[in-house]
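Here the structure is laid out as structure tokens; the discussion comes afterwards.
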Amino acid sequence: MTTTSTRGRVVRALAAGALAGVLAGCGAGGSGGHSGASAPPPATGAGVTRVTADLTDFHIALSRTTFAPGAYAFVAKNDGRHDHALEIEGPSGEHRTKTLSPGASDTVTVTLTPGSYEVYCPVDGHRDLGMKTEITVGGTGAPTDRTPAPAPPSDSGSGY
């Protein structure tokens, strides 16, 4: 056996291993997200704001506290010791990640409209254990009445 053929086999084996790793990564996604602690979060599209949600036992920490109407990709990462998930419930409906084992992550994309939303873990009563928070999405607000207020009565007495 020559050194050249041994090197060729090693190179082919490394290439095959790399290809297998890439193909395995392509099949790791769930519906609208991904799982696995080592995989990077998916890139968000133009006009989609990324929000990280760190899920621990029994707390949710969001990477932002102010929200304007628009599209958001909530990247939930389970940093706890128990299974968790992330649900966002409000005027835009109910949106949820899959249930995440410790170390796993998933992404849910939501178009938020103005109003109040509850963000919580829907797994096994975790919401009642304090694993919840609220966000308020600002907007143009309710239309204001532009009719001027009536003038206050005059103090000048009976007048002229």
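Since E94 meets every condition but one in (1) surrounded by fewer than 19 Cβ atoms within 10 Å (Cβ to Cβ); (2) at pLDDT 95 or above; (3) outside any strand (DSSP E or B), which condition does it not meet?
Only one criterion is unmet by E94, namely (3).
Go through (1) surrounded by 14 or more Cβ atoms within 10 Å (Cβ to Cβ); (2) modelled with pLDDT under 95 one by one and return the number of the condition G27 breaks.
G27 satisfies all of (1) surrounded by 14 or more Cβ atoms within 10 Å (Cβ to Cβ); (2) modelled with pLDDT under 95 except (1).
Return the residues of the stretch 127-140 that are of a type outside the set (G, A, S) and open to solvent by 30 Å² or more (accessible area, probe 1.4 Å); say none if nothing qualifies.
R127, D128, L129, K132, T133, E134, T136, T140
Inside the stretch 87-102, can you point out the residues that are in contact with a Ser or Thr (Cβ under 8 Å, 6 or more places away or on another chain) and β-branched (V, I, T)?
The one that is in contact with a Ser or Thr (Cβ under 8 Å, 6 or more places away or on another chain) and β-branched (V, I, T): T97.
Which one is surrounded by the most Cβ atoms within 10 Å (Cβ to Cβ), of the residues in the stretch 44-57 that are more than 10 Å from the chain's Cα centre (by Cα) and under 19 Å from Y117 (Cα atoms)?
L55
Would you point out which residue out of A71, A76 is of a type outside the set (F, W, Y), surrounded by 20 or more Cβ atoms within 10 Å (Cβ to Cβ) and either touching a strand residue (DSSP E or B) at 6+ places or on another chain (Cβ under 8 Å) or in a strand (DSSP E or B) (or both)?
Just one listed residue meets the conditions, A76.
Considering the stretch 79-91 alone, what residues qualify as being part of a strand (DSSP E or B) and either free of Cβ contacts under 8 Å to residues at least 24 places away in the same chain or under 10 Å from the mean Cα position of the chain (by Cα) (or both)?
E87, I88 - these are the residues of the stretch 79-91 that are part of a strand (DSSP E or B) and either free of Cβ contacts under 8 Å to residues at least 24 places away in the same chain or under 10 Å from the mean Cα position of the chain (by Cα) (or both).
Which residue is modelled with the lowest pLDDT, if the candidates are limited to the stretch 99-126 and must be of a type in the set (D, E, K, R) and surrounded by fewer than 17 Cβ atoms within 10 Å (Cβ to Cβ)?
For the stretch 99-126, the residue satisfying everything is D124.
The values are calculated or read from the model by the stated rules, or taken from the named source; none is laboratory data. The shown structure was predicted, so the numbers you read here are calculated from the model rather than taken from an experiment. Note that we place each Cβ from the backbone using ideal geometry, even for glycine, and neighbour counts take in every protein chain shown. When the accessible area is computed, the model is the full protein with side chains, heavy atoms only, and any ligands, DNA or RNA have been set aside. Shrake-Rupley method; radii C 1.70, N 1.55, O 1.52, S 1.80 Å.
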